[in-house]
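Worksheet for the structure shown next.
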Amino acid sequence: MNIILSHSTLPSFNLAAEEHFLSKKGEDFLLLYVNEPSVIIGSNQAVLNEVDQDFCIEHNIRIIRRLSGGGAVYHDTGNLNYSFIRAKSGEPLSARFLDPVVEALRALDIPVEIRKRKDLWLEGYKISGTASHLSKGREIHHGTLLYDTDLQMLAKALNPERRDLIRKATASIPSPVKNIRSYLKKTKGISPEPEQFFRQFARQIGLILGTSRIGAFGNHDKEEIEKLQRGKYVQRGWNYRM
């Protein structure tokens with residue numbers, strides 16, 4: 001398993017990186033990244049149904065469409081994203097990909113549990129939503145990890161005037177959310193900065209996956225990712241196609 005930490009906070013670049021590594025047959029990856037404020041919508045969703053576009057324009061929140069299905073999510077620098085990219089397994093739609101995430105969080109004294117929609121919950125609140133995509137013998141399973149996200153911005157960005165303007169689109173299923181940081185402060189009396197917590201999580205999941213090396217993008221990979229970013233993930237035709 002190659003663990004890669006992206007040093008870019010551009011959602012268009014990081015989503016392009018996911019698709020790029022999905023195409024690299026014969027290699028397995030865990031991609032970790034943090035995005036600047038953005039709304040990431042599912043492949044079959046409509047922006048009009050999911051996003052307050054005026055609010056997003058006012059606050060410079062990018063709207064990007066991802067490859068996978070599922071609901072809309074809000075990203076900012078208090079949220080860590082994890083993406084498992086690998087050859088298709090015997091049970092590609094199971095929640096087994098979450099096992100190392102759960103193990104890493106529990107090792108950090110965060111007692112999360114997996115629920116039926118393959119998301120993670122902590123004390124009755126959702127702290128991680130996930131989505132999956134299968135293509136040509138490969139699979140991607142990615143999710144958010146709410147650590148210190150601005151939950152007011154999240155609620156306002158994902159609050160369109162109407163949710164039924166385009167009826168054929170997949171609808172998000174809202175859930176109550178909370179930050180891991182607030183849980184740690186309340187129960188443990190500690191409150192690591194986001195970057196510190198993200199490093200702790202990366203080291204812990206690396207131990208679980210049997211590697212201590214966290215790499216970066218090679219020059220060729222970066223060039224291919226940037227090409228895909230320019231040709232697809234910054235294009236209005238992709239992001240607003242529904």
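The values are calculated or read from the model by the stated rules, or taken from the named source; none is laboratory data. Bear in mind the structure is a predicted one, so any value in this text is a computation, not a measurement. Virtual Cβ from ideal backbone geometry, glycine too; neighbours counted across all protein chains shown. Accessible surface is based on the protein model in full, side chains and every heavy atom, while ligands, DNA and RNA are left aside. Shrake-Rupley method; radii C 1.70, N 1.55, O 1.52, S 1.80 Å.
Failed condition for Gly90, given (1) part of a helix (DSSP H, G or I); (2) modelled with pLDDT under 95, with all others met?
Status for Gly90: all satisfied but (1).
Could you grab me the full set of residues in the stretch 66-93 that are of a type in the set (Gly, Ala, Ser) and open to solvent by 30 Å² or more (accessible area, probe 1.4 Å)?
Gly70, Ala87, Ser89, Gly90 - these are the residues of the stretch 66-93 that are of a type in the set (Gly, Ala, Ser) and open to solvent by 30 Å² or more (accessible area, probe 1.4 Å).
Pairs needed: first member in the stretch 198-218, under 19 Å from Glu18 (Cα atoms); second member anywhere, modelled with pLDDT of 95 or more and open to solvent by 40 Å² or more (accessible area, probe 1.4 Å); C-beta distance under 6 Å; at least 6 residues apart or different chains.
Qualifying pairs under 6 Å: Ile214/Leu5.
Name the pairs whose Cβ atoms lie under 9 Å apart, with the first residue in the stretch 227-242 and of a type outside the set (Lys, Arg), the second modelled with pLDDT under 95 and surrounded by fewer than 13 Cβ atoms within 10 Å (Cβ to Cβ), and 6 or more positions between them or separate chains?
Met242/Lys168
Suppose we filter Asn49, Asn2 for residues that are farther than 30 Å from Leu165 by Cβ and not acidic (Asp, Glu); which single one remains?
Just one listed residue meets the conditions, Asn2.
Out of all the residues in the stretch 1-48, which are surrounded by fewer than 22 Cβ atoms within 10 Å (Cβ to Cβ), more than 17 Å from the chain's Cα centre (by Cα) and outside any strand (DSSP E or B)?
Passing the criteria: Met1, Ser23, Lys24, Lys25, Gly26, Glu27, Asp28, Val47, Leu48.
Kindly provide the set of residues from the stretch 108-124 that are touching a residue at least 12 places away in the same chain (Cβ under 8 Å) and open to solvent by 60 Å² or more (accessible area, probe 1.4 Å), ordered by number.
Listed by number, the residues that qualify are Asp109, Ile114, Arg117, Glu123.
Step by step: first the residues of the stretch 166-211, then only those that are under 20 Å from the mean Cα position of the chain (by Cα) and among the basic types (Lys, Arg), then the one that is farthest from Tyr240 (Cα to Cα). Which residue is that?
So, considering only residues that are under 20 Å from the mean Cα position of the chain (by Cα) and among the basic types (Lys, Arg), the one farthest from Tyr240 (Cα to Cα) is Arg203.
Output the number of residues of the stretch 1-46 satisfying the condition of being under 21 Å from Gln152 (Cα atoms) and at pLDDT below 95.
Number of matching residues: 0.
Please note which strands (runs of 3 or more DSSP E) are completely contained in the stretch 125-236 and include at least 3 residues that are open to solvent by less than 20 Å² (accessible area, probe 1.4 Å) and touching a Phe, Trp or Tyr at 6+ places or on another chain (Cβ under 9 Å).
Result: 138-146.
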